[in-house]
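Structure first, commentary second.
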Amino acid sequence: MLGTLAGAWAWWQGSLERGFWILWRLTQLATTLLAAVALIVFVAGYKPASGLFWLYMLLPIAVSIIAEQLRAASADAVLSSHDLDDAQAVGELPQSEQHLIVITIAHRELAVAAIACFVIAFLALRVLATA
């Protein structure tokens with residue numbers, strides 16, 4: 001949940017500080033650990049009260065992977081909107097335009113990651129409710 005709040009705040013302020021990105025990577029690490037825990041409890045024979053438990057345990061990994069793909073797609077969308085073929089083409093632009101494109105890409109990636117943090121936090125809360 002902290003990642004969600006930090007991401008929303010950074011997006012709202014237009015800030016691109018490292019703090020949120022560290023939280024995003026920690027959130028991804030936590031989803032991997034959650035999947036490992038799911039495997040351990042499954043092998044141990046745990047029978048949750050609801051079958052949705054397993055879905056909520058594994059969906060955060062899918063959300064994290066999809067978010068990474070959406071981050072890449074958002075960068076491509078920004079480059080396409082400026083009629084640029086790739087990142088090297090950005091280097092040929094004047095410095096002010098380069099800066100604008102980089103900030104736009106980073107801002108979109110921040111939004112994607114913040115929304116993914118929210119979804120992952122929601123799913124983690126659902127795990128606790130269905131355990």
- Query: Looking at (1) without any contact (Cβ under 8 Å) to a residue 40 or more places away in the chain; (2) loosely packed, with under 15 Cβ neighbours inside 10 Å; (3) part of a helix (DSSP H, G or I); (4) not small (Gly, Ala, Ser), which is the only condition residue 83 fails?
  - Reply: (3)
- Message: If I go through the range 110-131 residue by residue, how many of them are modelled with pLDDT of 85 or more and over 20 Å from residue 32 (Cβ atoms)?
- Response: 2
- Note on the structure: Expected output for the range 36-55 (first residue surrounded by fewer than 12 Cβ atoms within 10 Å (Cβ to Cβ), partner among the polar types (S, T, N, Q), Cβ below 8 Å, 6+ apart or cross-chain) is 49/130
- Query: Mind checking whether some residue in the range 57-75 is surrounded by fewer than 16 Cβ atoms within 10 Å (Cβ to Cβ), at pLDDT below 90 and more than 21 Å from residue 41 (Cα to Cα)?
  - Reply: yes
- Task: Identify the single condition in (1) within 26 Å of residue 127 (Cα to Cα); (2) over 23 Å from the mean Cα position of the chain (by Cα) that residue 68 does not satisfy, given that it satisfies every other one.
- Result: (2)
- Would you pick out the residues in the range 32-64 that are in a helix (DSSP H, G or I), within 11 Å of residue 127 (Cβ to Cβ) and in contact with a Ser or Thr (Cβ under 8 Å, 6 or more places away or on another chain)? 52, 53, 56, 60
- Note on the structure: Checked against (1) at pLDDT 80 or above; (2) farther than 20 Å from residue 125 by Cβ, residue 15 satisfies every condition except (1)
- Task: Collect the residues in the range 91-131 that are of a type in the set (Asp, Glu) and not in a helix (DSSP H, G or I), keeping them in residue-number order.
- Result: 92
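The values are calculated or read from the model by the stated rules, or taken from the named source; none is laboratory data. This structure is a prediction, so every number in the text was calculated from the model and none was measured. All Cβ positions, glycine included, derive from the backbone under ideal geometry; neighbour counts span all protein chains shown.
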